[in-house]
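> Pasting a structure here, questions to come.
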Amino acid sequence: MTQVVLFAIDICAVALLVFGLYFPRHRRRDLVVAYLGVNIGVLAVASALSASNVGAGVGLGMALFGVLSIIRLRSTELDQHEVAYYFSALALGLLGALGTRSVWLNGGLMALIVAVMFLGDHRRVFRHYRHQVLVLDSALTDHVALVAHLEQLLNARVHVATAQRVDLVNETTVVDVRYSVARRTPASTPGSSAPAGARR
């Protein structure tokens, strides 16, 4: 009976994680089935292993190896927050499968995972910070000049600027920039032009 309760808690937790947090915030439909599949798959495998003579450590290692293989051999790029959702779905499945003396302990840990993802991935957390890869229409080899140009272009404070490629022939610079804006910029209106000197 305890295992059935844990299964139900896991299903509710992963549904809240996927349909209550991830999809409304990021709208990537293909990862919905991935997170659900990882969670239910790990839940089923870990439950079967816990009922057999195979140790829980072996089952945990196999589950982690499987998920890491999926992430490493992916065909499409994943952001770091999407990887975090992968591991959250994995952890929920393991907590739902590994029985303990207290159902409340596993249930509380599942609630903790969902709460951390809710807070850590909230739009208000570090909302002024941005990350972009820009293509500048000038070759800038001096880092100080590059940062000054980016701050003027973005009207923001640049924290990290890494020049990925400087083309002296075509006069272009590809730069990975992390910056923060003082306030939320208004949405672009129809007919407004993009800032001169950069192409995304």
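The values are calculated or read from the model by the stated rules, or taken from the named source; none is laboratory data. This is a predicted model, so every value here is computed, not measured. Don't worry about glycine lacking a Cβ; one is built from the backbone with ideal geometry, like all the others, and counts go over all protein chains shown. Accessible surface areas use protein heavy atoms only, side chains included; no ligands, DNA or RNA. Shrake-Rupley method; radii C 1.70, N 1.55, O 1.52, S 1.80 Å.
> Report, by residue number, each residue of the stretch 12-29 that is free of Cβ contacts under 8 Å to residues at least 24 places away in the same chain and open to solvent by 70 Å² or more (accessible area, probe 1.4 Å).
The answer is C12, F19, R27, R29.
> Please find, within the stretch 117-157, the residue that is farthest from E82 (Cα to Cα) out of those that are touching a helix residue (DSSP H, G or I) at 6+ places or on another chain (Cβ under 9 Å), of a type in the set (A, V, I, L, M) and in contact (Cβ under 8 Å) with a residue 12 or more places away in the chain.
L140
> From the set of residues in the stretch 78-112 that are more than 17 Å from I9 (Cα to Cα) and in a helix (DSSP H, G or I), which is modelled with the lowest pLDDT?
That would be Q80.
> If you don't mind, there's one more thing I want to ask. Take V174 and decide whether it is surrounded by 13 or more Cβ atoms within 10 Å (Cβ to Cβ), of a type outside the set (G, A, S) and over 23 Å from the mean Cα position of the chain (by Cα).
It is true that V174 is surrounded by 13 or more Cβ atoms within 10 Å (Cβ to Cβ), of a type outside the set (G, A, S) and over 23 Å from the mean Cα position of the chain (by Cα).
> Consider F126 carefully, then state whether it is within 30 Å of A97 (Cα to Cα) and aromatic (F, W, Y).
Against the criterion (within 30 Å of A97 (Cα to Cα) and aromatic (F, W, Y)), F126 does not qualify.
> Another one. Checking the condition under 30 Å from I9 (Cα atoms) and either modelled with pLDDT under 95 or outside any loop (DSSP other than H, G, I, E, B) (or both), which residue from A182, A115 passes?
Step by step, each of A182, A115 is checked, and only A115 is under 30 Å from I9 (Cα atoms) and either modelled with pLDDT under 95 or outside any loop (DSSP other than H, G, I, E, B) (or both).
> Within the stretch 98-105, is even one residue open to solvent by 70 Å² or more (accessible area, probe 1.4 Å), free of Cβ contacts under 8 Å to residues at least 40 places away in the same chain and hydroxyl-bearing (S, T, Y)?
No, the conditions are met nowhere in the stretch 98-105.
> What number of residues within the stretch 118-139 satisfy the criterion of being exposed (fewer than 12 other Cβ atoms within 10 Å of the Cβ) and either touching a Lys or Arg at 6+ places or on another chain (Cβ under 6 Å) or in a loop (DSSP other than H, G, I, E, B) (or both)?
Qualifying residue count for the region: 6.
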